[in-house]
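Engineer: Quick one: structure below, then a few questions.
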């Protein structure tokens, strides 16, 4: 009986897939299908309220002045969030606190490349 | 439950604290924590001693000492568990406790840290602390040998275990006092990964802190954020929806399975049974992918929010969980049967590191360590939080403390957790939205709250004080390992050096390599370092 069980185990181990997963898929920077993904700004929707920058747990968002706008005769700076993807913990809080849905969490981007300039 | 706002504190004078504490201990035998809060306006430090009984009742005793005269008597004589909590307060706030056995030693902060800087005082700025830490150079590690005449042998050997060892995953140091091969005393030195999270938390908003406290531990990350959330929800008077409670419970139980299974694997690793380590860890992958499926992350889940959870879970995903859990249970039972019928392993862990219930209570042990002695002290049962009050489960207890019983408690708790998860999926209300409308909470009104939960390693305690601001005024965290460390040090006494890995593993911390030994010669009353080469020569000479 024990030998039979053993033989069964051996045969199962011989023909089954290895339980480890290839590292190559991780290196490609592909997100898990369930992960939150990577925050990307949709500039048209953004109003520059900086709610995302205030709430970011890892201070990965800085508000950058990208231009000027005219409101009632006054010139005011236009601010847009800039993400530091090395500081980012990919928690998706910025996308959730944004009132205008201006931050999209995308899973199809390759961002985990250490040497490239993001 | 599981959380409460502190409203009825029993005030007492600092000089009578020992008397009051010993009276309280007769009805509340478990000391949960000693919390210090600095009040810069009143120029005083408040000390809150939290006691608990084994049925879930909490009692807070508070005392105030002025900023310029920070001394009060230690309660370590009546509650030995207090010694390490008081030492923590003493190093971080500069409060001197008369009669604490650790007085004059450094347990938490590095040896090179200046004596006059007390990091958790409100007037010490975080930027200044960074400079202090950057300027402090680690010299020769100091080993405190106080009163070597305590030991009866002619000469004892001090063997530093730690902080780094290839067999261990975390740095921690135990100085073992050996007489021959038998351990007679153990001096713990913790704090090698002290990151000052309590200080950092004071400078961030409540919402940012939620992600910070999650990073305290990589294994029980969810339970930390849950406990913090419970305390803050108590301050905000917010109640999460039923579905959110069930989802939180389910994730916490999955985390308990993953933590216990990881530990059982490591037990195999440290007892020299490496195939057990690999088998068990392969099973654990199933749970990890479930956590990935439900929360989006394997380790730091970032799943919880004040007043709910951050993402909804579909019925489809719940069905996958039910299916995978059933598969896991089958494999797990089969594997555990095989492992526990392997006699060399059982013989190796049976009767090692024995302790009794009374001892465990005195030293403030929590979690599986105290349950192994037969005391059914489980916060999930005595003070139900989340959905635990609607779920039917048993508290697993053992028949007397030793490594074998602790192992059996953890093994059975995994099965109990599977049962809880199954009930969670059955009873979960399906048509509710567990995600709160807004995640941002803004200013929190003044108040103090405590929360307790049952983390995989034992009772986890949080104290949060808000003072009408966006940032917390004080966050105090008492982790289960700190509560168990005195028991671990005590369990080692009387056993041989070869049992050290197994006994220390039984609570979950680490030991490390001996690069040199320190010899205390009682006759000459001198202390000297011996390096490895000298030791080898000495060894040859004796031969």
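The values are calculated or read from the model by the stated rules, or taken from the named source; none is laboratory data. Quantities reported herein were computed from a predicted structural model and do not represent experimental measurements. Note that we place each Cβ from the backbone using ideal geometry, even for glycine, and neighbour counts take in every protein chain shown.
Engineer: Going by the conditions given, is residue B:33 exposed (fewer than 15 other Cβ atoms within 10 Å of the Cβ), modelled with pLDDT of 90 or more and not in a loop (DSSP other than H, G, I, E, B)?
Structural biologist: Against the criterion (exposed (fewer than 15 other Cβ atoms within 10 Å of the Cβ), modelled with pLDDT of 90 or more and not in a loop (DSSP other than H, G, I, E, B)), residue B:33 does not qualify.
Residue-wise test of (1) out of contact with any helix residue (DSSP H, G or I) (no Cβ under 6 Å at 6 or more places or on another chain); (2) more than 8 Å from chain A (Cβ to nearest Cβ); (3) at pLDDT 90 or above; (4) surrounded by fewer than 21 Cβ atoms within 10 Å (Cβ to Cβ).
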| residue | (1), (2), (3), (4) |
| --- | --- |
| B:280 | no, yes, yes, no |
| B:284 | no, yes, yes, yes |
| B:288 | yes, yes, yes, yes |
| B:296 | yes, no, no, no |
| B:304 | no, yes, yes, no |
| B:309 | no, yes, yes, no |
| B:314 | yes, yes, yes, yes |
| B:319 | yes, yes, yes, yes |
| B:322 | no, yes, yes, yes |
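Engineer: For the stretch B:77-104, what are the residues that are in a loop (DSSP other than H, G, I, E, B) and without any contact (Cβ under 8 Å) to a residue 40 or more places away in the chain?
Structural biologist: B:94, B:99, B:100, B:101, B:102, B:103
Engineer: Counting only residues that are in a helix (DSSP H, G or I) and buried (at least 22 other Cβ atoms within 10 Å of the Cβ), which one in the stretch B:386-404 is nearest to the chain's Cα centre (by Cα)?
Structural biologist: Taking the stretch B:386-404 as the starting set, the residues that turn out to be in a helix (DSSP H, G or I) are B:388-390, B:403-404.
Now narrow it down to the ones that are buried (at least 22 other Cβ atoms within 10 Å of the Cβ): B:388, B:403-404.
Values: B:388: 22, B:403: 18, B:404: 21 Å.
Selected residue: B:403.
Engineer: Okay, next question. Could you please find all residues in the stretch B:486-501 being surrounded by 18 or more Cβ atoms within 10 Å (Cβ to Cβ) and either assigned by TED's automatic domain parsing to the domain that holds residue B:82 or in a helix (DSSP H, G or I) (or both)?
Structural biologist: Listed by number, the residues that qualify are B:486, B:487, B:488, B:489, B:490, B:491, B:499, B:500, B:501.
Engineer: While we're on this one: Before we move on, is residue A:57 part of a loop (DSSP other than H, G, I, E, B), modelled with pLDDT under 90 and within 14 Å of chain B (Cβ to nearest Cβ)? Talk me through it step by step, then tell me what you get.
Structural biologist: On the way: part of a loop (DSSP other than H, G, I, E, B): yes; modelled with pLDDT under 90: no; within 14 Å of chain B (Cβ to nearest Cβ): yes.
Criteria not met by residue A:57.
Engineer: Give the residues of the stretch B:169-206 that are outside any loop (DSSP other than H, G, I, E, B) and within 14 Å of chain A (Cβ to nearest Cβ), sorted by residue number.
Structural biologist: Those that are outside any loop (DSSP other than H, G, I, E, B) and within 14 Å of chain A (Cβ to nearest Cβ): B:197, B:200, B:201, B:206.
Engineer: Only residues that are assigned to a strand (DSSP E or B) and either crowded, with 17+ Cβ neighbours inside 10 Å or out of contact with any strand residue (DSSP E or B) (no Cβ under 7 Å at 6 or more places or on another chain) (or both): list them for the stretch A:60-79, please.
Structural biologist: A:61, A:70, A:71, A:74, A:79
Engineer: Sort through B:387, B:357 and tell me the only one that's touching a helix residue (DSSP H, G or I) at 6+ places or on another chain (Cβ under 7 Å) and either over 27 Å from residue B:501 (Cβ atoms) or not assigned by TED's automatic domain parsing to the domain that holds residue B:56 (or both).
Structural biologist: Within the list B:387, B:357, the selection yields B:387.
Engineer: Kindly indicate which of A:38, A:46 is more than 22 Å from residue B:203 (Cβ to Cβ), more than 13 Å from chain B (Cβ to nearest Cβ) and surrounded by 13 or more Cβ atoms within 10 Å (Cβ to Cβ).
Structural biologist: A:46
Engineer: Has the stretch B:126-137 got any residue that is at pLDDT below 80, part of a loop (DSSP other than H, G, I, E, B), under 23 Å from residue B:94 (Cβ atoms) and out of contact with any strand residue (DSSP E or B) (no Cβ under 7 Å at 6 or more places or on another chain)?
Structural biologist: Checking the stretch B:126-137: at least one residue is at pLDDT below 80, part of a loop (DSSP other than H, G, I, E, B), under 23 Å from residue B:94 (Cβ atoms) and out of contact with any strand residue (DSSP E or B) (no Cβ under 7 Å at 6 or more places or on another chain).
Engineer: Which of the numbered conditions does residue B:236 fail, given that it passes all the others? Conditions: (1) touching a residue at least 12 places away in the same chain (Cβ under 8 Å); (2) within 13 Å of another protein chain (Cβ to nearest Cβ).
Structural biologist: With (1) touching a residue at least 12 places away in the same chain (Cβ under 8 Å); (2) within 13 Å of another protein chain (Cβ to nearest Cβ) applied to residue B:236, the lone miss is (2).
Engineer: With the condition kept exactly as written, say whether any residue in the stretch B:354-361 is out of contact with any strand residue (DSSP E or B) (no Cβ under 8 Å at 6 or more places or on another chain) and buried (at least 17 other Cβ atoms within 10 Å of the Cβ).
Structural biologist: The answer is no; no qualifying residue exists.
Engineer: Quick test of your reading of the structure: residue B:217 fulfils all but one of (1) more than 14 Å from every other protein chain (Cβ to nearest Cβ); (2) more than 15 Å from the chain's Cα centre (by Cα); (3) at pLDDT 80 or above. Name the failing condition by number.
Structural biologist: It is condition (2) that residue B:217 fails.
Engineer: Test residue B:263 against the stated conditions and say whether it is out of contact with any strand residue (DSSP E or B) (no Cβ under 8 Å at 6 or more places or on another chain), in a helix (DSSP H, G or I) and within 14 Å of another protein chain (Cβ to nearest Cβ).
Structural biologist: Judged against the criteria, residue B:263 is not a match.
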